[in-house]
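Here's the structure, in structure tokens; my notes come after.
The values are calculated or read from the model by the stated rules, or taken from the named source; none is laboratory data. Keep in mind that what you see is a predicted model, and the values were worked out from it rather than measured. Every residue, glycine among them, receives a Cβ derived from its backbone with ideal geometry; neighbour counts consider all protein chains shown. Accessible surface is based on the protein model in full, side chains and every heavy atom, while ligands, DNA and RNA are left aside. Shrake-Rupley method; radii C 1.70, N 1.55, O 1.52, S 1.80 Å.
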Amino acid sequence: MQKILLALPMGYFIKTRLNTKAAIIFHGYAEFLLGILLLIFFQTPLKTALTHFALGYIAFISLYEIGYIYNDYIAVRFETNPRKRLEKWKVTNGDVAIFILLRLLFFTGISFFINAWGNFIWVGFYTFLVLTYALHNLMSTKAFKTFTFASLAVIRFYAPIFFFLRSDQLGLTLPGILIFYVFFRTLTYMDSKNLLTIKNRDTAPFKSCFYLIFLPYSIIIYLFTNNLITLYINVYFLIFWLSIQLLLKLKNQTQ
């Protein structure tokens, strides 16, 4: 049963990465919910937004998980202190072949279902995903991996929604996503790889201040574009971390 879940698109992500409360909350709020809300913001009905996001996300994760599988099954053999995520499931070469084949079938099927197969933007987007992920895995210099990580963060966020929005709509979201999602995640990545040391980065007050300090930036983007989407994204994350900060404070007071 465990291997069946690993074989299905998103099942591998759930079992090996989305397996903590913190990970579920972060991805749910910063990627899933925000992506759906952006579709709704640009006049997509709720039901359609949910359907489009689900189809886009499954297509994306089907390919992205192949990178995870490569990292967990092959790349770990050459690492000094590997995280052997697959060890407890005793995955074989045959299992891996099935995992990859099923994902390619899902990606191809969804591409045809939404009439994206052969579309220049769709093909270009996922070609760059594969190339960037491969470069990220093959580079040995950790500092350079920061740049590929930032690119992957952009790709990861937009993958479920880019095909369902116009280019001008995507352009309006870029200033907010680049700062409040990509830049923030890149700082976290750099800190985790000992490429950058930021005092108190993991605390809720730090994260709240990050989004609070960028409010003037969001207001300037509004003045330049006459569009509130960047400010909305800023406030969206600010409310989240202020809420976490308040909940942690209340929790500490009751202990």
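Scanning segment 79-90 for residues that are under 21 Å from Leu8 (Cβ atoms) and surrounded by 13 or more Cβ atoms within 10 Å (Cβ to Cβ) gives Arg85, Leu86, Trp89.
Which members of segment 227-255 meet the condition of being under 16 Å from Ala30 (Cβ atoms) and part of a loop (DSSP other than H, G, I, E, B)? Once the filter is applied, which keeps residues that are under 16 Å from Ala30 (Cβ atoms) and part of a loop (DSSP other than H, G, I, E, B), segment 227-255 yields nothing. For segment 91-128, the set of residues classified as aromatic (Phe, Trp, Tyr), touching a residue at least 12 places away in the same chain (Cβ under 8 Å) and open to solvent by 50 Å² or more (accessible area, probe 1.4 Å) consists of Phe106, Phe113, Phe128, listed by residue number. Checking the stated criteria, His27 turns out to be under 13 Å from the mean Cα position of the chain (by Cα), open to solvent by less than 60 Å² (accessible area, probe 1.4 Å) and either at pLDDT 95 or above or under 22 Å from Met139 (Cα atoms) (or both).
Where in segment 93-196 are the helices (runs of 4 or more DSSP H), entirely inside, with at least 3 residues that are over 20 Å from the mean Cα position of the chain (by Cα)? Helices (runs of 4 or more DSSP H) meeting the threshold: 93-113. Each residue in segment 197-226 was checked for being outside any helix (DSSP H, G or I) and surrounded by fewer than 17 Cβ atoms within 10 Å (Cβ to Cβ), and 8 of them qualify. Could you tell me whether any residue of segment 138-159 is closer than 26 Å to Ile4 by Cβ, open to solvent by less than 50 Å² (accessible area, probe 1.4 Å), touching a residue at least 24 places away in the same chain (Cβ under 8 Å) and in contact with a Leu (Cβ under 8 Å, 6 or more places away or on another chain)? Yes - at least one qualifying residue is present in segment 138-159. Each residue in segment 49-74 was checked for being open to solvent by 20 Å² or more (accessible area, probe 1.4 Å), assigned to a helix (DSSP H, G or I) and hydrophobic (A, V, I, L, M, F, W, C), and 6 pass. Looking only at residues in segment 164-189 that are of a type in the set (Val, Ile, Thr) and open to solvent by less than 30 Å² (accessible area, probe 1.4 Å), the one that is nearest to Leu39 (Cα to Cα) is Thr173.
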